[in-house]
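Structure first, commentary second.
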Amino acid sequence: MTTAGQGEAKAASHGTTSLWDAAEARQIMETYRGLDGALMPILHALQERFGYVDDAAVPDLADLLNLSRAEVHGVITFYHDFRRTPPARHALHLCRAEACQSVGARALEAHVKRKLGVDYHHQTPDGRWSLGAIYCLGNCACGPSALIDGETVGRLTPEKLDALMREAEAGRLEAAE
Amino acid sequence: MSAVRVYVPGDSSAVAVGANRVAHALERLAREKKVEIEIVRNGSRGLYWLEPMVEVTTSEGRIAYGPVAPGDLAGLFEAGFLSGGQHALRLGRPEDIPFLKNQERLMFARCGITDPLSVEEYRAHGGFRGLAKALRMQPQEIVSEVTESGLRGRGGAGFPTGIKWKTVLETKAERKYIVCNADEGDSGTFADRMIMEGDPFLLIEGMTIAGIATGATKGFIYIRSEYPDAFRQMGRAIEIARNTGYLGPNVLGSGKAFDLETRLGAGAYICGEETSLLESLEGKRGVIRFKPPLPAIKGLFGQPTVINNLLSFASVPVIMDDGANFYKNYGTGRSRGTQPFQLAGNVKQGGLIEKAFGVTLKELIYDFGGGTLSGRPVRAVQVGGPLGAYLRADQLDIPMDYEAFAAVKAMLGHGGIVVFDDTVDMAQQARFAMEFCAVESCGKCTPCRIGSTRGVEVIDRIIADQDRAKNLRLLDDLCETMVDGSLCALGGLTPFPVQSAIRYFPEDFDKPSRKAAE
């Protein structure tokens, strides 16, 4: 069994989402059902494909993995990563952990909340940005850090973050490969 | 003339500060100038204040330049940096930089030097020698060697690794598992990430040795979702190891089987707790389990399981290759060997410092780190992640040693050090510790699940100066309940940062009344 495709991490999905397709979702479930402890890899794969895990997947997953619907629902809602509603066009997660706090994360947080006009776990009314909190990206010597559409960015100032968000909106954020 | 080898780290922290932009610009410029270069995306050397740090291979060895921005490249070409030319960003040979020169790198011997996905380079730098040796030994001998080395679990608890392995070896079962805890969630830590991105075969080698030693044939690496690059890199390295005979049904022709799979977490800090991690691997909510039974007897899918921190596995190849005696010559007291300390937060020269246990916090923060980034005085230092105690600037003579930290109600944890300057408000830090616990509690134990939320409220009342003395007593009582009434370290240790903040920084909990008095 290979390791491929077990959900390429949370935010890889941004920009590639589309409407929920129950038939395709079932195909994805089939692909990974043979793995030991298959539920998490399946949930990651669904979210990677659709940007969220629709409630419609719950009975199918329960049926496929011989679990109760409550168990499947429990897993989806336990983990911070899994979404039950479609994402905004762009996702910004600010690191709230201590190392980033020590170099100005709290000020950055105030700036972003003012700029977007929303608190954590909310989207802007125009559906352009969602704001999330994240607790450590392992970028602790180059903070403050954030995750923009899946890319970790560091040594942020309000101005630098604004510029990176503009890049993301223009579809040319070049942090990663 | 053959292509000049240029190293631009692919490490995600280097990328977060622009390494990919530098690599792309470098490629473009070299093409324009018709210069042949070979770009290697190495791991980071861990000198993070110098990232992106670009290295070129010259006749005098590798010469580093940093921190390089894409806009610096034209000037670097003009200065002839491809043959080590003078430039304001020239750092000389990286191994001569004091931050690196004064380390004792055993585990991180290759990280940042080699091409992370080249088996040949891994071998050329001493890789897979420990595995080859282990394959010639009896399982009991391997376990004894690990026990004898004094290696203790690098996740934080410091339990002797050899004892865990011995228990799994001696427990009879059809199937046994090796599980790597790569859910490195503590703020201020990044050593696991660096290994997975910069020297992934080291982890594969360490886990394979664990499999050979205990009779386990299958291993899982549980990687947090905040580390997508590490997850992809480990997947690639496993594929390469399988194709080159280091993993699979017949490891290096020994007749012994061992294979690995990566699994992705989903943003739950609690899954760094070993039993919660096992639940998550089984596809369940990451709710912690009662112990006993110990995972070594009844772990993943009910089978005997070695579950170790990534750094514990990464210590094993050196122990096998150079021997337990070599390894335990490093260190102090009952803390043997080396530890990759991670210096982070408000520090001038942040990064990875592998040193033998016993080095003091002061040496790490000032001699290696150069003090704060802001230039202001150090006021507080948190060691060991969000569950670690806060220490005062006058307590930094403490040696990095499990027992020395336990003696002052602090902990080494995973070796993360977060520095704060004098602008920090310790009441807010205490509040954050409770808030974090409330966000991340798995919900199993009431003191953790409810107590953390009540803790935030009580601290808010203290900050607002409502019945301060009474609320401080209440908070103390709540902390005691959490310590005594929680099954795992999340609820059980959250009071450490809270109470240390109150104990060592009482003035921060008394602001309104002091203001009134003025």
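Please treat every number below as a calculation from the coordinates, not as lab data. All figures in this text were calculated on a predicted structure; none of them were measured in a lab. Note: ideal-geometry Cβ built from the backbone for every residue, glycine included; neighbour counts use all protein chains shown.
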Kirkwood Rh for region A:10-78 from C-alpha pairs, in Å, is 12.0
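Any chance you could tell me what percent of the C-alpha pair distances in region B:426-517 go past 17 Å?
Numbers: 1734 of 4186 pairs.
I get 41 percent for the Cα pairs in region B:426-517 exceeding 17 Å.
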Here the alpha-carbon Rg of the protein assembly as shown over 2.2 N^0.38 Å rounds to 0.93
Surpassing 19 Å at the alpha-carbon level, of the pairs A:113/B:515; B:166/B:298; A:115/B:511; B:133/B:298; B:164/B:218, are A:113/B:515; A:115/B:511; B:133/B:298
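Averaging sequence separations of C-alpha pairs under 8 Å and six or more residues apart, then dividing by the length of chain B, give the relative contact order as a whole percent.
Working: 1106 pairs, mean separation 68.5, N = 518.
Relative contact order here is 13 percent.
Return the percentage of antiparallel bridges among DSSP beta bridges fully within region B:119-328, rounded to the nearest 5 %.
Details: 2 of 19 bridges.
Around 10 percent of the beta bridges assigned by DSSP in region B:119-328 are antiparallel ones.
Under 8 Å for C-alpha pairs, at least 6 residues apart: give me the relative contact order for region B:138-254, rounded to a whole percent. Please report the intermediate quantities before stating the final value.
Values: 128 pairs, mean separation 30.5, N = 117.
About 26 percent, as a whole number.
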Taking Cα pairs closer than 8 Å and at least 6 residues apart, the relative contact order of chain A in percent is 19
Expressed in nanometres to one decimal, the distance between label points 7 Å along Cα→Cβ at residue B:469 and residue B:132 is 7.2
Highest mean packing first, using Cβ neighbours within 10 angstrom, the peptides A:51-57, B:450-456, B:274-280, B:196-202 sort as B:196-202, B:274-280, B:450-456, A:51-57
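Can you run the Rg to Rh ratio on chain B? Use alpha carbon positions and the Kirkwood inverse-distance Rh. Walk me through the numbers on the way to the answer.
Details: Rg = 23.8 Å, Rh = 24.0 Å.
Ratio value, two decimals: 0.99.
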For region B:126-166, shape from the Cα gyration tensor axes a ≥ b ≥ c, cut at a/c of 1.5 then a/b versus b/c, turns out oblate
Per the Cα gyration tensor, region B:301-365 corresponds to an equivalent ellipsoid with semi-axes, largest first in Å, of 26, 18, 10
Given B:106-119, B:399-412, the highest-first ranking by average Cβ count within 10 Å works out to B:106-119, B:399-412
Residues whose modelled amide H sits under 5 Å from the amide H of residue B:219, counting only those 5 or more places away in sequence or on another chain, are B:178, B:259, B:260, B:261
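Per the Kirkwood formula on distinct C-alpha pairs, the Rh of region B:4-101 is how many angstrom?
Working: mean 1/r = 0.0765 Å⁻¹.
Radius from the Kirkwood sum: 13.1 Å.
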The protein assembly as shown: antiparallel bridges as % of DSSP beta bridges, rounded to 5, reads 55
Taking a straight Cα-to-Cα line shorter than 27 Å from residue B:362, and setting aside same-chain lysines fewer than 8 residues away, one finds B:101, B:328, B:348, B:409
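Could you work out, residue by residue across B:277-284, how many beta carbons of other chains sit within 10 Å of that residue's beta carbon, and then give the average as an integer? Walk me through the numbers before you get to the answer.
On the way: counts 0, 1, 3, 6, 3, 5, 14, 8.
Counting Cβ atoms of other protein chains within 10 Å of each residue's Cβ and averaging gives 5.
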Percent antiparallel among DSSP beta bridges confined to chain A, nearest 5, equals 55
Placing one equal point scatterer on each C-alpha of chain A and summing with Debye, one gets log10 I(q)/I(0) at q = 0.11, 0.13, 0.14 Å⁻¹ equal to -0.51, -0.70, -0.79
Here the whole-number average of other chain Cβ atoms within 10 Å per Cβ of B:339-349 is 4
